[in-house]
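Engineer: One structure is given below, represented as structure tokens, and several questions about it will come after.
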Amino acid sequence: MRNESRASDPERGPRRPTAVRRGRRKVTPNANQPAKTGPRPQSERVIVDASNVAHSTEKNSARLANVQLVRDRLTEDGLTPILVADAALRHQIDDPDGYEVLVKAGEIQQAPAGTDADYFILTFARELDASVLSNDRFKDRIAHFPEVRNRIIRYMIVAGEVVLERRTKRRGR
């Protein structure tokens with residue numbers, strides 16, 4: 001998807017190189033088009049481990065900006081992100097007001113207090129036939145959800161940019 005050429009698509013314009021971009025994007029993609037709600041037809045859904053993403057940078061606190069960067073990157077790639085967080089994240093996030101706005105708007109689904117968000121993430125992925133974006137290895141759940149090995153998307157956030165790694169098979173196997 002991301003590596004396909006856009007040279008012949010007059011609506012989207014020529015493809016920019018996918019090398020490391022410097023600085024933040026100046027223009028919001030599709031800024032002139034109204035926001036679409038709900039899942040896109042024929043779009044791959046990706047369950048995002050929002051707690052894992054929020055804690056993924058070197059800072060001490062969980063960052064809401066990380067979750068928003070990943071959400072935006074997946075949307076740019078034509079995917080439908082479903083953000084799932086554990087209940088404790090609301091107490092750890094650096095921008096609690098912004099987080100609550102996203103929860104109330106339904107953009108972040110919060111697992112019930114006292115439950116394991118990993119269970120919900122993996123169950124949603126199974127039921128929706130979706131990929132999972134997380135750097136968690138799910139070691140305590142892998143026996144019950146062996147298909148997650150084929151659905152996982154690893155990521156890094158570097159200088160405000162999200163880099164995704166999709167494997168079709170585990171390395172060395």
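Engineer: Going through Asp97, Asp86, Asp72, Asp118 one at a time, which residue ends up being of a type in the set (D, E, K, R), in contact with a strand residue (DSSP E or B) (Cβ under 9 Å, 6 or more places away or on another chain) and over 22 Å from Arg137 (Cα atoms)?
Structural biologist: Answer to the check: Asp72.
Engineer: Ok, one more. Within segment 73-113, how many residues are part of a loop (DSSP other than H, G, I, E, B), of a type outside the set (D, E, K, R) and over 17 Å from Asn52 (Cα atoms)?
Structural biologist: Here the count works out to 4.
Engineer: Additional query: Taking Gly98 and the conditions (1) touching a Leu at 6+ places or on another chain (Cβ under 7 Å); (2) surrounded by 17 or more Cβ atoms within 10 Å (Cβ to Cβ), which numbered condition does it fall short on, given that it satisfies the others?
Structural biologist: With (1) touching a Leu at 6+ places or on another chain (Cβ under 7 Å); (2) surrounded by 17 or more Cβ atoms within 10 Å (Cβ to Cβ) applied to Gly98, the lone miss is (2).
Engineer: Also, quick follow-up: Take the conditions in contact (Cβ under 8 Å) with a residue 60 or more places away in the chain and among the β-branched types (Val, Ile, Thr) and apply them to Val162. Does it pass?
Structural biologist: yes
Engineer: Could you look through segment 114-162, keep only residues that are among the charged types (D, E, K, R) and assigned to a loop (DSSP other than H, G, I, E, B), and pick out the one that is farthest from Arg73 (Cα to Cα)?
Structural biologist: My answer is Asp140.
Engineer: Still on this structure, I have one more. Would you be able to say whether some residue in segment 101-120 is exposed (fewer than 13 other Cβ atoms within 10 Å of the Cβ), closer than 18 Å to Val70 by Cβ, within 16 Å of the chain's Cα centre (by Cα) and not hydroxyl-bearing (Ser, Thr, Tyr)?
Structural biologist: Yes: segment 101-120 contains one or more residues that are exposed (fewer than 13 other Cβ atoms within 10 Å of the Cβ), closer than 18 Å to Val70 by Cβ, within 16 Å of the chain's Cα centre (by Cα) and not hydroxyl-bearing (Ser, Thr, Tyr).
Engineer: Next question. Just to check your reading of the model, which residue among Phe138, Phe120, Phe124 is under 14 Å from Asp49 (Cα atoms), in contact (Cβ under 8 Å) with a residue 60 or more places away in the chain and not charged (D, E, K, R)?
Structural biologist: So the residue among Phe138, Phe120, Phe124 that is under 14 Å from Asp49 (Cα atoms), in contact (Cβ under 8 Å) with a residue 60 or more places away in the chain and not charged (D, E, K, R) is Phe124.
Engineer: Among the candidates Arg73, Arg12, single out the residue that is of a type outside the set (Asp, Glu), farther than 13 Å from Ile108 by Cβ and either surrounded by 12 or more Cβ atoms within 10 Å (Cβ to Cβ) or at pLDDT 95 or above (or both).
Structural biologist: Among Arg73, Arg12, only Arg73 is of a type outside the set (Asp, Glu), farther than 13 Å from Ile108 by Cβ and either surrounded by 12 or more Cβ atoms within 10 Å (Cβ to Cβ) or at pLDDT 95 or above (or both).
The values are calculated or read from the model by the stated rules, or taken from the named source; none is laboratory data. Everything quoted here is computed from the prediction, not taken from an experiment. Methodologically, a virtual Cβ is constructed for each residue, glycine included, from the backbone with ideal geometry; neighbour enumeration extends over all protein chains shown.
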